[in-house]
């Protein structure tokens, strides 16, 4: 008789995450679990704690307390887990302006421990996937904002991470590119990549996400699966939390 | 190893930016002019010097004097070490402060790199750049080695002393860049620290005191021995200690970036 196959650990598990910034609590007791293939939309008004949460998940910022587990491993004890497990696109996609698109991808691949011929293979695959071949020799400093965003996304996808963390990825993209991004995210999810998508746009969430979490004043106020045609319901929930939360704070 | 990936990235950035090339070209032009003047002075006095038993030769008066005016007492300005006091801060100012102000420093942290690897990787890149520059600079006096009698031992000790001084200045520059929010602030801080470390014993020297803690603290004390051709382990340890302290402070500051946010 075959032994039952052990369930694989969640891609991401946050437990009681706390972080203060500029003397005030930015994230309070945040707990969240994300399974492979899930696309989580993270919503919240400005200052809700979305970027702080994403920065902690990406390994850029340490929490004051709480734990982060990546594929079962303690991320705070082993920050090197980020090299293979996380792809991060920060808001405004910071780049090195003096390097070309190709050099960016090569550098990111090497920083994540990819070596030799695998660097070229990974770079060419992502250039193809994000339709960046025509820009490969162009300096990052002369790219348009939309092109920068696509290059940032390419850098985040290069090493085929288990978790993709995206902060406002649709910023500065034209409608065609937004549609391509949505399609790409759905493809990645069906391949088993977990995605966290932070955005201000409810339409982005309803178009791509299968789960939504709403942060308000650093606290997780709502976390539920998202079914089709739920845009109106989500909009009502979001404004209830955002406006009521403000009223309570006042 | 990811440390070398950081080094490779930093070297690539140093070589594609015009600043590095401009610094190297201007410094080498100044050193070429300095060499011509030192050689002219040497040739004018060559007959008189040849008559002296154990008199100074090409190595003492030209090759080693290429490295420093301040320490060798040459009347000409800006040897390799004096140039380095000005140029190394310009080279190192963007290593971390530039990344911080451009918002690219988090990309390195998000790659799973520790502060130690990031800082050491960048330091290694600057050191490689400076070693190449020093090689070009020392090629100037070596170009006449077939015609003049070069004391290779003394010249090697002086080269080692100059390289170690460059390594100390680079470590201070990278550490200053780790502390600063903007490259210009990092450059000024590194310049002031480099000058202070070089000249801290000036008062003691003018007062005729040639030992004591202040003299030990000064970089020029340890360079002087090496420029005279004497390699002492105490001097080497001083240079390594200075490098280690600067890098450790830089790593500590960089690591706190993840805590501060």
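The values are calculated or read from the model by the stated rules, or taken from the named source; none is laboratory data. Because the structure is predicted, anything quoted here is derived from the model rather than measured. When we count neighbours, we look across all protein chains shown, and the Cβ atoms used for this are built from the backbone with ideal geometry, even at glycine.
In a residue-by-residue description of segment B:143-155, the property of being out of contact with any strand residue (DSSP E or B) (no Cβ under 6 Å at 6 or more places or on another chain), more than 14 Å from chain A (Cβ to nearest Cβ), in a helix (DSSP H, G or I) and at pLDDT 95 or above applies to no position.
Determine, yes or no, whether residue A:119 is buried (at least 17 other Cβ atoms within 10 Å of the Cβ), within 14 Å of chain B (Cβ to nearest Cβ), modelled with pLDDT of 95 or more and closer than 30 Å to residue A:224 by Cβ.
Criteria not met by residue A:119.
Being under 19 Å from the mean Cα position of the chain (by Cα) and either in a helix (DSSP H, G or I) or exposed (fewer than 14 other Cβ atoms within 10 Å of the Cβ) (or both) holds for only one residue in B:5, B:27, and it is B:27.
Those strands (runs of 3 or more DSSP E) of segment A:152-227 in which 1 or more residues are surrounded by fewer than 21 Cβ atoms within 10 Å (Cβ to Cβ) occupy A:211-216, A:219-225.
Residues in segment B:106-119 that are in a helix (DSSP H, G or I) and buried (at least 20 other Cβ atoms within 10 Å of the Cβ): B:106, B:107, B:108, B:109, B:115, B:117, B:118, B:119.
Residues in segment A:94-112 that are at the interface with chain B (Cβ under 9 Å from one of its Cβ atoms) and either within 20 Å of the chain's Cα centre (by Cα) or surrounded by fewer than 17 Cβ atoms within 10 Å (Cβ to Cβ) (or both): A:94, A:95, A:97, A:98, A:108, A:109, A:111, A:112. If you go through segment A:71-83 and keep only what is closer than 14 Å to residue A:17 by Cα and surrounded by 19 or more Cβ atoms within 10 Å (Cβ to Cβ), you end up with just A:75. Screening B:170, B:218, B:186 for residues that are at pLDDT 95 or above and closer than 29 Å to residue B:152 by Cβ leaves exactly one candidate, B:170. So the check is Cβ under 8 Å with 6+ separation or different chains; which pairs have a first residue in segment B:241-261 that's within 14 Å of chain A (Cβ to nearest Cβ) and without any contact (Cβ under 8 Å) to a residue 40 or more places away in the chain and a second one that's crowded, with 19+ Cβ neighbours inside 10 Å and assigned to a helix (DSSP H, G or I)? Partner pairs satisfying both residue conditions: B:261/A:52; B:261/A:55.
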